[in-house]
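Visitor: If you scroll down you'll find the structure; I have some questions about it.
The values are calculated or read from the model by the stated rules, or taken from the named source; none is laboratory data. Remember, it's a predicted structure, so these values are computed and weren't measured experimentally. Cβ sites come from the backbone with ideal geometry, for glycine too, and all protein chains shown count toward neighbours.
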Amino acid sequence: MKILVINAGSSSLKYQLIDMDGEKCIAKGNCERIGLEGGLFSYENADGYEIDKEVYDMPNHTVAFGRVKAALTEGEGKVLNELSEVSAIGHRIVQGGAIFSKSVLVDEKVIEDIDGLSPLAPLHNPAHVQGIRAAKAAFGDDVPQVVVFDTSFHQTMPAEAYMFGVPYEFYEKYAVRRYGFHGTSHRYVTARCCELLGKTEGTRIITCHIGNGSSLAAVKDGKVIDTTMGLTPLDGFLMGSRCGAIDPSVVTFIMEKEGLTPSEMDTLMNKKSGILGISGVSSDDRDLAKAMEEGNERAQLAWDMRSYQIRKLVGGYITALGGLDAIVFTAGVGENQCRLRKEILDSLSYLGVTVNEEANATRRQEIEISGPDSTVKAYVIPTNEELVIARDTKAIVEAL
């Protein structure tokens, strides 16, 4: 069974074709600047070798899907003889609200519900709806589609973890609560960690998805009991360009002093803050590390803020979990930044946590980085959200 995994943004469409016989990626790529001048299409083979990268105008997602179809079935990078070899399409959806606690088969009601959740994710859900409808237009009604939600893995949180301390009426009227994100990633690395531990029941795990966008999750018996992102992906700790959790009065204070609209303040907190805003250098961790090496004090401050905030949150989650059996690092920074991992693990030395320095120097591969005498297991587990989506899609389609 071959499954096409789609992650549609407002002006982009990332895709990956996975052969579920062996769970191997066959081809992948991205359609960028959809609806804008100078659209860019890229296509790679299973080894990451770039077969095609070209300027290609894509006025909408339907045209983008047409270009993907052509790349998969024609020319040098052809991996399908016929489009009918695609058995199903799986979509990543950012916000499933309290409606969707698991992945589901797409029908018109599901599309309407996803669209109805757009106020909770105005930059994402409308784009996902476009992607679903464009896939239907490109592949027809005979190819089943499945949606997998970033928020669903976090639906096991208890009310005391997901509720905010604002009047209850706003939860009733507008569903204002903590939802959490990166759920597909947290779900993948949690399952893999449980395999490595040899059990799910009785486990207490903290998963650290650290990238340009970042979040932690506290997972007990394989189920999330708390996570750092909230109503939106803005909550939590310092990220690439997001501020993370701050005193709410900071928001109103800056708006009043600078004369900012809610939209302008939202942009400031999401796109101009975080490591970028503090360092004044970049939101990219590699640029931050280079600036630190050159003695940039603000870059060092940004690093120290993020490290401290993560360590503080990890400590709180250990209390919430009643102890800790394993901690997992994943995503771009988590999989590559050995210094940050060591700082976090060293802060847990009071628990008997030790670090295998040689293993921790490894990048982008699954490995245990805790020492042989460590009381807590520490792992780097590269995430694979596309595979989770493909697995859910396969399971749902096979049950039809």
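Visitor: Every residue in the stretch 1-17 that is out of contact with any Gly (no Cβ under 9 Å at 6 or more places or on another chain), aliphatic (A, V, I, L, M) and within 19 Å of ASN45 (Cβ to Cβ), please.
Guide: Going residue by residue through the stretch 1-17, those that are out of contact with any Gly (no Cβ under 9 Å at 6 or more places or on another chain) are 1-2, 12, 17.
Those left that are additionally aliphatic (A, V, I, L, M): 1, 17.
LEU17, the sole residue that qualifies.
Visitor: Still on this structure, please answer the following. Considering only residues that are in a helix (DSSP H, G or I), within 30 Å of GLY198 (Cα to Cα) and either touching a Cys at 6+ places or on another chain (Cβ under 6 Å) or not polar (S, T, N, Q) (or both), which ones fall in the stretch 280-330?
Guide: The answer is ILE310, ARG311, LYS312, LEU313, VAL314, GLY315, GLY316, TYR317, ILE318, ALA320, LEU321.
Visitor: Looking only at the stretch 221-239, decide whether some residue is over 24 Å from LEU345 (Cβ atoms), part of a strand (DSSP E or B) and not assigned by TED's automatic domain parsing to the domain that holds ARG298.
Guide: Initially, the stretch 221-239 is screened for residues over 24 Å from LEU345 (Cβ atoms), giving 223, 230-235.
Now drop any that are not part of a strand (DSSP E or B), which leaves 223.
Then keep just the ones that are not assigned by TED's automatic domain parsing to the domain that holds ARG298; that gives none.
Within the stretch 221-239, not a single residue is over 24 Å from LEU345 (Cβ atoms), part of a strand (DSSP E or B) and not assigned by TED's automatic domain parsing to the domain that holds ARG298.
Visitor: Given TYR168, TYR174, which one is among the hydroxyl-bearing types (Ser, Thr, Tyr), at pLDDT below 95 and out of contact with any strand residue (DSSP E or B) (no Cβ under 9 Å at 6 or more places or on another chain)? Quick ask: steps written out before the conclusion?
Guide: Values: TYR168 fails: at pLDDT below 95.
TYR174 is the lone residue from the list that is among the hydroxyl-bearing types (Ser, Thr, Tyr), at pLDDT below 95 and out of contact with any strand residue (DSSP E or B) (no Cβ under 9 Å at 6 or more places or on another chain).
Visitor: Just checking, how many residues over the stretch 270-279 are assigned to a loop (DSSP other than H, G, I, E, B) and not basic (Lys, Arg)? Even if it seems obvious, please write down each step before you answer.
Guide: Start the filter on the stretch 270-279 by keeping residues that are assigned to a loop (DSSP other than H, G, I, E, B), which leaves 272-273.
Next cut, not basic (Lys, Arg) only: 273.
Within the stretch 270-279, residues that are assigned to a loop (DSSP other than H, G, I, E, B) and not basic (Lys, Arg) number 1.
Visitor: Select from the stretch 223-239 the residues that are surrounded by fewer than 24 Cβ atoms within 10 Å (Cβ to Cβ) and farther than 18 Å from TYR162 by Cβ and list them in ascending order.
Guide: Within the stretch 223-239, none qualify.
Visitor: Identify, please: which residue in the stretch 153-187 is out of contact with any His (no Cβ under 7 Å at 6 or more places or on another chain) and surrounded by 24 or more Cβ atoms within 10 Å (Cβ to Cβ) and is, among those, farthest from SER118 (Cα to Cα)?
Guide: Taking the stretch 153-187 and keeping what is out of contact with any His (no Cβ under 7 Å at 6 or more places or on another chain), we get 154-178, 181, 184, 187.
Filter once more, so that each one left must be surrounded by 24 or more Cβ atoms within 10 Å (Cβ to Cβ): 154, 181, 184, 187.
Working: HIS154: 19, PHE181: 15, THR184: 19, ARG187: 23 Å.
Top of the filtered list is ARG187.
Visitor: Looking at the stretch 85-105 only, could you name the residues that are under 24 Å from ALA27 (Cα atoms) and in a loop (DSSP other than H, G, I, E, B)?
Guide: The answer is VAL94, SER103.
Visitor: Do you know which residues across the stretch 183-202 are touching a Gly at 6+ places or on another chain (Cβ under 7 Å) and touching a residue at least 40 places away in the same chain (Cβ under 8 Å)? Working first, answer last.
Guide: If we filter the stretch 183-202 for residues that are touching a Gly at 6+ places or on another chain (Cβ under 7 Å), which is where we start, we get 190, 194, 200.
Scanning the stretch 183-202 gives a single hit, THR190.
Visitor: Within the stretch 114-132, take every residue that is surrounded by fewer than 18 Cβ atoms within 10 Å (Cβ to Cβ) and either free of Cβ contacts under 8 Å to residues at least 24 places away in the same chain or not in a helix (DSSP H, G or I) (or both) and give me the one that is farthest from the chain's Cα centre (by Cα).
Guide: So the first thing to find is which residues in the stretch 114-132 are surrounded by fewer than 18 Cβ atoms within 10 Å (Cβ to Cβ), and the list is 115-116, 118-119, 122-123, 126.
Filter again for either free of Cβ contacts under 8 Å to residues at least 24 places away in the same chain or not in a helix (DSSP H, G or I) (or both), leaving 115-116, 118, 122-123.
Working: ASP115: 20, GLY116: 22, SER118: 18, PRO122: 17, LEU123: 15 Å.
Ranking the candidates gives GLY116 first.
Visitor: Would you check which residues across the stretch 242-269 are surrounded by fewer than 20 Cβ atoms within 10 Å (Cβ to Cβ), of a type outside the set (Asp, Glu) and part of a loop (DSSP other than H, G, I, E, B) and list them? Reasoning before the result, please.
Guide: From the stretch 242-269, those surrounded by fewer than 20 Cβ atoms within 10 Å (Cβ to Cβ) are 245-268; that's our starting set.
Remaining after also requiring of a type outside the set (Asp, Glu): 245-246, 248-255, 257, 259-263, 265, 267-268.
ALA245, ILE246, GLY259, LEU260, THR261, listed by residue number.
Visitor: While we're here: What are the residues in the stretch 138-181 that are over 16 Å from the mean Cα position of the chain (by Cα) and closer than 30 Å to VAL68 by Cα, if any?
Guide: Across the stretch 138-181, the qualifying residues are ALA138, PHE139, GLY140, ASP141, ASP142, VAL143, PRO144, GLN145, VAL146.
Rundown of residues vs (1) among the hydroxyl-bearing types (Ser, Thr, Tyr); (2) within 24 Å of ASN384 (Cβ to Cβ); (3) outside any helix (DSSP H, G or I); (4) in contact (Cβ under 8 Å) with a residue 24 or more places away in the chain, yes/no style:
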{"position": "ILE18", "(1), (2), (3), (4)": "no, yes, yes, yes"}
{"position": "ASP21", "(1), (2), (3), (4)": "no, yes, yes, no"}
{"position": "ALA27", "(1), (2), (3), (4)": "no, yes, yes, yes"}
{"position": "CYS31", "(1), (2), (3), (4)": "no, yes, yes, yes"}
{"position": "ILE34", "(1), (2), (3), (4)": "no, no, yes, yes"}
{"position": "TYR43", "(1), (2), (3), (4)": "yes, yes, yes, yes"}
{"position": "GLY48", "(1), (2), (3), (4)": "no, yes, yes, no"}
{"position": "PRO59", "(1), (2), (3), (4)": "no, no, yes, yes"}
{"position": "ALA64", "(1), (2), (3), (4)": "no, yes, no, yes"}
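Visitor: Right, here's the next one. I'm trying to understand the selection: among the residues of the stretch 349-400, which are crowded, with 19+ Cβ neighbours inside 10 Å, of a type in the set (Asp, Glu) and modelled with pLDDT of 95 or more?
Guide: ASP392
Visitor: Out of curiosity, is PHE100 crowded, with 23+ Cβ neighbours inside 10 Å and either under 30 Å from VAL63 (Cβ atoms) or in contact with a helix residue (DSSP H, G or I) (Cβ under 6 Å, 6 or more places away or on another chain) (or both)?
Guide: Working: crowded, with 23+ Cβ neighbours inside 10 Å: no; either under 30 Å from VAL63 (Cβ atoms) or in contact with a helix residue (DSSP H, G or I) (Cβ under 6 Å, 6 or more places away or on another chain) (or both): yes.
No.
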